[in-house]
1. Give me the number: length gained by fully extending Ile249 to Asp198, i.e. 0.36 nm times residue separation minus the C-alpha to C-alpha distance, one decimal in nm.
2. Starting with the highest mean, order 334-341, 302-309 by the number of other Cβ atoms within 10 Å, averaged over the residues of each peptide.
3. Given N residues in the chain, what is its alpha carbon radius of gyration divided by 2.2 N^0.38 Å?
4. Which whole-angstrom value gives the distance between the alpha carbon centres of the stretch 207-231 and the stretch 241-273?
5. Any idea what Rg and Dmax come out to for the stretch 328-417 if you just take the C-alpha atoms, in Å?
6. What's the exposure ranking of Met1, Met11, going from fewest to most Cβ atoms within 10 Å?
7. Measure nothing but the geometry: give the 0 to 90° angle between the long axis through the Cα atoms of 364-373 and the longest principal axis through the Cα atoms of the chain, rounded to 10°.
8. Could you grab the relative contact order for the chain? Cα pairs under 8 Å, six or more apart, rounded to a whole percent.
Amino acid sequence: MIRIQKGTKDMLPQEAYKWHYIDEKIKSITKLFGFLEIRTPTFEATELFQRGIGETTDIVNKEMYTFEDKGKRSITLKPEGTASVVRSYIENNIFQEYNPAKMYYITSVFRYERPQSGRLREHHQFGVEIFGSDSYIADLEVILLGYTFFKSLGISDVRLHINNIGCSKCRVEYNNALKRFYYENIDSLCSICRERLDKNPLRILDCKEIKCSDLNKKAPVVSDYLCADCISHKQNLYNGLEACNIDYIDDEKIVRGLDYYTGTVFEFISPSLGAQSTVCGGGRYNNLVSEIGGPYTPCVGFGLGIERLIMVMEELSLFIGEKENPQVFFINVSEKEIIPSYLLANKLRKHGIKADVNFLTRSVKAQMKYANKHDFNYVIVVGEEEVKNDIYTLKSMKNNIDFTGSIDNIIKFINKDN
């Protein structure tokens, strides 16, 4: 038997309604905030992610699904959503049509990492991006959208952790301070962080190894090195969060795991997930467009994993939509009534009523059991007399109320009953 690949997961029919519910919430909230959808390919040139995400990150060093295609080109399955959106923004001159450009996406992403709860090698990401504004209001916009989205789902336990890791100007002094500190304590660093030290010491602050994590508690903090512009941006954003009644935690430990972040960085954290508690992360990436070959364009956005989001909602026992079952099931008494049943079902479908028919050779009793098992609202038994007289009985599976009449009258009854 051929089995599913490690780190991937089927979306089963009985679970699909959860995804539909979340998709509808995403579309509703993004429309409310004026974001337009963008869709990008599943794979891109490997260079896009090497330049965009950063060669010092675990994603580029260890986790990308990279292969050579038949044209000898290096291709990579998308490990995150932002770099592809930036590539499309530049290539399609989106800035000429929209400025600022406010976009959202739902996409599959691929990372070769150790599968664990809520973290898969193929998972699905919802993200939003704003291109073209350096204002703290743009930061506030994406954070408020995320906050509103979680509240609309009934998730009240998420907490916003936020930090400012400085711009290119003030980061130089901070990076030098980090290097001095870590070189003085180099024996306490893991082997990976020793490699990171010269390339990007900020990545060390994101290390989950115990000895590095303990050392990081004593490391210099970025707030001591912020320039006047970054301090002003940070304070204005915090004032905006307070004005919008969004509780937040000023958290120096938040640096995010991708090289492209500058300035504001944030995470929405849910205690329901235990140690792996981050359900959404984002921030500002003002240099990414120019690093990939476009004009300097300030940007801010976030991304969240939908599988992890579903886990949170299940852990909190939140109602996340009803299973979508056909309303009416047609039971044929004999083989002769199969086509008449099918035609009747199609007539209901033309009037927007969900309907299904029997595809197997089963007794009336077995068909009734099937309708019960799958929670149909109604059944209609189609026999020789019903077809001859064109009169049918609609039996409710919920309240034992029957209705007898022509199929047109049954359609009216169902629409009125629902």
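1. 15.3 nm
2. Details: 334-341: 15.0, 302-309: 20.2.
Going from most to least packed, we get 302-309, 334-341.
3. Values: Rg = 27.5 Å, N = 418, 2.2 N^0.38 = 21.8 Å.
This ratio for the chain stands at 1.26.
4. Taking the Cα centre of each part, the stretch 207-231 and the stretch 241-273 sit 14 Å apart.
5. My reading of the Cα-based Rg and Dmax gives 11.9, 33 Å.
6. Met1, Met11
7. Between helix and principal axis, roughly 30 degrees.
8. Relative contact order here is 15 percent.
Every number here is computed from the coordinates shown, using simple stated rules; none is lab data. Owing to the predicted nature of the structure, the values given are computational and were not obtained by experimental measurement. Counting neighbours? That spans all protein chains shown, and the Cβs are built from the backbone with ideal geometry, glycine included.
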